Each structure stands twice: as C-alpha cells, then as structure tokens.
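This report refers to the structure that appears directly beneath it.
The values are calculated or read from the model by the stated rules, or taken from the named source; none is laboratory data. Predicted, not measured: the structure shown is a model, and the values here were computed from it. Positions of Cβ are generated from backbone atoms using ideal geometry, with glycine treated the same way; all protein chains shown enter the neighbour counts. Note: accessible area is taken over every heavy atom of the protein model, side chains too, but ligands, DNA and RNA are not part of it. Shrake-Rupley method; radii C 1.70, N 1.55, O 1.52, S 1.80 Å.
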Amino acid sequence: MNEKSSPPVRKIVHVDMDAFYASVEQRDNPGLRGKPIAVGGSAARGVVAAASYEARAYGVHSAMPSVTAKRKCPDLIFVPPRFDVYKAVSQQIREIFAEYTLLIEPLSLDEAFLDVTENLKGMEIATEIASEVRARIKQATGLNASAGISYNKFLAKMASDLNKPNGQAVITPKNGPAFVEALPVKKFHGVGPATAKKMHGLGIETGADLKEKTQEFLVEHFGKSGPYFYGIARGIDERQVKPNRVRKSVGAEDTFSQDLHAYEPARQGLQPLIEKVWGYCEANEIGAKTVTLKVKYADFNQITRSKTVPAPLAAIADLEEIVGLLLSPIFPPRKGIRLLGVTLSSLERRISATEPQLRLAL
C-alpha cells in the first residue's frame with residue numbers, strides 16, 4: 001500500500017502580554033498600582049494607547065480619544081508612553097521564547113506566535129510549554145502574559161483571549177470547528193467593524209453562517225480575503241509561523257462609524273494606526289523610509305499621499321510628524337472621510353549593537 005502519512009498536527013502558541021504598556025508603568029511606579037491608568041496623551045487630541053485593567057472596568061480601551069476616556073473615568077491617570085522601555089522588556093520576553101523555539105513571529109511588542117511542534121526543549125505538550133513560558137516571563141519581568149494554544153494561528157490567537165488576564169486556553173483539533181461555528185463573526189481576528197457590518201448585511205452573523213457560504217460567494221464579496229474566511233469558518237488556517245521576515249510593507253487602516261470632516265478627529269483616528277505599524281516595526285527590528293497616507297471619502301473615491309525620507313525613521317515622533325504633514329493639506333476635505341490608513345514601506349532590517357543576540361532570539 002502506498003498511503004501517504006498525514007502531517008503531524010501543528011502546535012501553535014500565541015502569547016499576548018496583559019495590558020502591556022500600562023502594566024509596565026504600574027510595575028515601574030508602585031504609586032500607579034491598583035489605579036486606573038491610560039498610557040497616552042491627556043491633551044484634547046490625545047488617544048489612549050493602552051489602559052490598565054482598573055481603567056477597563058470603566059469602559060476605557062485603547063484607541064479611545066483621551067477626552068472620552070476621562071469622561072468615562074474621571075480619576076483616570078494619564079502616563080506618557082516610554083517606547084524605549086517597552087522595547088527593552090519585549091526583547092527580554094523574546095529571549096525567553098528563543099529558549100523554546102526558533103520559529104517566532106512577533107506581531108507587535110506585546111504579542112507573538114510560537115511554533116512549538118518541534119521545540120528546543122523536546123517537550124511534547126504545548127500547554128506545558130505555554131505555562132512554562134508564562135512563568136518565565138513573570139519571573140524575569142514581573143508581568144503577566146496570557147496564551148492560546150491550538151493547531152493553527154487563527155485559533156491560537158482566538159484562544160489567547162479566552163482566559164485573560166493571566167490565563168491560557170487550548171482549542172484542540174476535535175473542538176476547533178465547533179468553536180468557530182458558535183463564534184460571532186465580529187469577534188473573529190481579521191474581521192474589523194466594517195467587514196463585520198458587511199457580513200451582517202449578507203446574513204452572516206456567526207461562524208456557522210460563514211461556513212454555509214461557498215468560496216466563490218466569499219471571493220465575490222470579500223475579494224482576496226474570501227479563501228481565508230472560507231478556511232477559518234472550518235477551523236482551517238494553513239499560514240505558517242514566519243520568523244525573521246521583512247515584508248514589503250506594513251499597514252493599518254480603520255473605517256469610521258461616522259464620516260470625518262475636521263482635522264482633529266482625523267488625526268486622532270490615525271494615532272492608533274500609527275502606533276500599530278510602528279509597534280510591528282519595533283518588534284521586528286525593521287526600519288521604514290516611506291510613509292503613505294490613504295484617505296477614502298464617503299463616495300468611496302480614495303487618494304494616497306506619500307513621503308520618503310533619506311534614512312529610516314528613528315522614532316515614533318518622526319512618523320507622527322510626517323503623517324500630520326500628509327494629512328493637513330487635504331483639509332477641508334471635499335467630502336466626508338470614511339476611512340484612513342497608514343502604510344510604511346521601503347523597509348529594511350535595522351543593524352544594531354545587539355544584532356547577534358537578535359538573530360538568535362528570532
């Protein structure tokens with residue numbers, strides 16, 4: 001008989017630090033512990049980059065305008081971000097990951113995928129690896145991490161949210177498809193508010209509804225994301241954990257519930273996108289020389305504006321300045337703005353004094 005042996009079930013762990021920026025601030029300043037804090041600017045145009053769990057109890061969350069956050073929680077304490085510190089802590093955490101596997105894919109400073117199917121410790125049980133990694137992170141940094149364990153990236157990412165904070169959950173091949181079927185599509189990783197709204201309009205409320213649609217239908221309505229949605233509706237995600245990769249570009253965009261007509265709300269709406277793309281570059285030791293602003297109007301026409309600088313951007317403040325320069329000339333806009341996006345390109349790997357360690361860690 002010439003039967004092909006099926007490939008081994010992959011063991012993927014998604015590690016996600018709990019309220020990372022805020023937790024670092026509470027760790028380093030005992031006076032902030034147990035209090036509602038927000039990392040970000042308190043000024044009128046400020047945006048919350050991260051909120052402590054004490055602040056989240058009041059409904060404060062990342063990407064929320066600071067004025068809204070203060071209204072929800074009058075005792076909220078604003079702390080300016082210290083990205084150099086967050087990056088140093090992130091590197092500590094990465095070095096712990098590297099003791100278990102070389103297949104590490106950072107998504108940002110505070111989360112990463114690990115493929116532990118074949119790992120450096122020779123450990124068979126992925127949940128034990130996740131527990132050990134979380135304990136090591138706590139010991140080394142004093143910070144809590146949550147983890148999700150599954151047989152693919154999508155389900156590992158979903159699992160890491162199930163027992164937050166300071167917990168972990170596993171989704172097995174046996175219960176993966178049923179888990180997805182019961183899940184509202186608005187909670188799917190990769191389905192933002194605009195896509196969820198479109199799905200709802202097509203009668204797709206849950207994973208089970210999504211599973212009923214053909215791949216052709218999903219491609220027709222969602223383009224290149226169609227095959228991905230078709231797969232995850234069945235608990236299938238073949239994407240590999242890709243270490244040390246340099247993309248051609250990294251971008252983020254957001255569709256707003258109400259069209260924007262003024263500069264301040266637009267600049268405010270861009271801040272979480274700036275922090276997201278910068279966080280990805282920092283976590284992956286990538287520098288960017290080209291910044292592109294995408295603007296989609298209420299009539300669905302869109303424009304892009306780009307600026308390229310001679311050397312990779314050195315700090316998030318440089319990115320913020322360029323985005324502001326690109327954004328200003330489009331105001332007042334000819335129509336309301338429904339979507340904004342920021343993309344970084346001309347990417348290159350940074351060379352640093354710790355390059356040998358970084359190569360090992362990645």
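All other residues whose Cβ lies under 13 angstrom from that of THR172 are scored, Lys and Arg at +1 and Asp and Glu at -1, for a net of +3. Remark: spin-label model distance PHE78-GLU238 equals 4.9 nm, labels positioned 7 Å along the Cα→Cβ axis. On a straight-distance basis, which aspartates and glutamates could pair with LYS224 in a cross-link, Cα separation under 14 angstrom, same-chain partners fewer than 8 positions away excluded? Candidates past the 8-residue exclusion: GLU216. Membrane-span-like helices in the chain, defined purely by DSSP H runs whose alpha carbon atoms cover 27 Å or more axially and whose average Kyte-Doolittle hydropathy reaches -1.0, are 263-283. Using the 1.4 Å probe convention, the accessible area of segment 1-106 works out to 48 Å² per residue with neighbouring protein chains retained. Summing +1 for each Lys or Arg and -1 for each Asp or Glu, what net charge is found among the other residues whose Cβ lies under 13 Å from the Cβ of ALA298? Spelling it out: positives minus negatives among the neighbours equals +2.
For the pair GLU99 and GLU321 in one chain, pulling the backbone fully straight at 0.36 nm per residue adds 76.1 nm over the alpha carbon distance. In the chain, Cα pairs under 8 Å separated by at least six residues give a relative contact order of 17 percent. Near ALA55, once Lys and Arg are set to +1 and Asp and Glu to -1 for all other residues with Cβ below 12 Å from its Cβ, the sum equals +1. DSSP beta bridges fully contained in segment 104-231 are about 60 percent antiparallel.
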